[in-house]
Amino acid sequence: MKDDTDIRIATEDPLSADLDLIFQRHVADMHADTPPESIHMMPRDTLRAPQIDFFVLRVAGRAVAMGALKRWGQRQGELKSMHVLTEYRGRGLSRAVLRHMIDHARDAGLSRLSLETGAQDSFAAARALYARAGFVECLPFGDYGPDPNSIFMTLTLPDDTA
């Protein structure tokens, strides 16, 4: 835990056994104060799909954070399943995963990234992270409908080819 200089983010298989702890904690956090009908996380096995890029951040080889990018058609994407282990929070790792996914989306030619996150106080840090990265609140998108427990946010990605 002391060597925070060896940080790597890469595309990985969400079914890898050494990701069990991250997924267990992610599921527990989502169920902690969100009604079941308002939980929109994807089951772990569905993160292994052609339209999804799944990323793992490792510190000194240990998997400590994850995030997924789901593509909706040619130009839009959705951030899914962002989580950093509690004992690694406060080190800028969430920001690193988010930046990596935004850069990946831009490099893939996406023009818009959107996300759904919780409206509860326990999601305040996540909402602030997204806002600092330029995401703004928006209406429900894709298959989502209005939900008092959800906040929807979006980010327009600049076209670097112009």
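Any read-out appearing in this document is the output of simple, stated calculations on the displayed coordinates, not a laboratory observation. None of these values were measured; they are calculated from a predicted model. Because the Cβ atoms are built from the backbone with ideal geometry, glycine has one as well, and the counts that use them run over all protein chains shown.
The modelled label-to-label distance between LEU129 and THR156, using points 7 Å beyond Cα along the C-beta direction, is 2.6 nm.
DSSP beta bridges confined to the chain are antiparallel in about 90 percent of cases. Ordering of 16-23, 108-115 by packing is 108-115, 16-23, highest average first (other Cβ atoms within 10 Å, averaged per residue).
Under the rule of -39500 (n - 2.57) per DSSP H run of 4 or more residues, summed and divided by the residues of the chain, what mean residue ellipticity at 222 nm is obtained, to the nearest 500 deg cm²/dmol?
Numbers: 3 runs with 37 residues, N = 162.
Helices in the chain give a 222 nm mean residue ellipticity of -7000 deg cm²/dmol.
Shown is the FRET efficiency for ARG106 and PHE141, computed with R0 = 22 Å from the Cβ-Cβ distance and rounded to the nearest 0.05: 0.75.
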